[in-house]
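Visitor: Submitted below is the structure of interest, expressed as structure tokens.
The values are calculated or read from the model by the stated rules, or taken from the named source; none is laboratory data. Source: prediction; values computed, not measured. Cβ placement follows ideal geometry from the backbone for every residue including glycine, while neighbour counts extend to all protein chains displayed.
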Amino acid sequence: MKKQTGFTLIELMVVLVILGIIIGLVVPNVTGRGDEARATAAATDIKTIGNALEMYRLHNSHYPGTDQGLEALVSKPSGSPEPKNWRGPYLKQQPKDPWGNDYGYINDGSVPEIISYGADGAEGGEGVNADISSAAQ
């Protein structure tokens, strides 16, 4: 009799069960990390924008107004308050958050606030839709 070589059905089942266990352990740890990474990137972007705003303030003795927005860091703004010593651009382009939305900017006269409105692009929310703000950092 010739000896046949190959895998038995039981050996194949054992391998499939082991693969299933590995996938069951790895997939939950990997999924959901994309949103976590985007939130971290948004927080880092907000710090970078904050540094550019500080340079703007050092040159002009004030932050851009809310109406001038973050565009004042890219091109010289018009309107009030007028930047008399603008030395920009302070950023290469108008910043977008990791979800592709514009960052919000509010200057109420004290320290301005930079906001990413999260995955939904709307104010408020929880989880991936939560706002990320320079006021919270």
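Visitor: For segment 39-46, state whether one or more residues are free of Cβ contacts under 8 Å to residues at least 40 places away in the same chain, within 27 Å of A135 (Cβ to Cβ) and under 23 Å from the mean Cα position of the chain (by Cα).
Guide: yes
Visitor: Turning to a different aspect of this structure: Residues R57, R38: which one is under 23 Å from G127 (Cα atoms) and in a helix (DSSP H, G or I)?
Guide: R38
Visitor: Can you name the condition, by its number, that Y63 falls short on among (1) assigned to a helix (DSSP H, G or I); (2) at pLDDT 90 or above; (3) more than 14 Å from D97 (Cα to Cα)?
Guide: Result: Y63 fails condition (1) only.
Visitor: Sort out which residues of segment 63-80 are over 25 Å from the mean Cα position of the chain (by Cα) and either basic (K, R) or surrounded by 15 or more Cβ atoms within 10 Å (Cβ to Cβ) (or both), and write them in order of number.
Guide: K76, P77
Visitor: Right, another one. Return a yes/no flag: does segment 128-136 have any residue that is modelled with pLDDT of 90 or more and in a helix (DSSP H, G or I).
Guide: no
Visitor: Has segment 93-109 got any residue that is outside any loop (DSSP other than H, G, I, E, B), among the acidic types (D, E) and modelled with pLDDT of 85 or more?
Guide: yes
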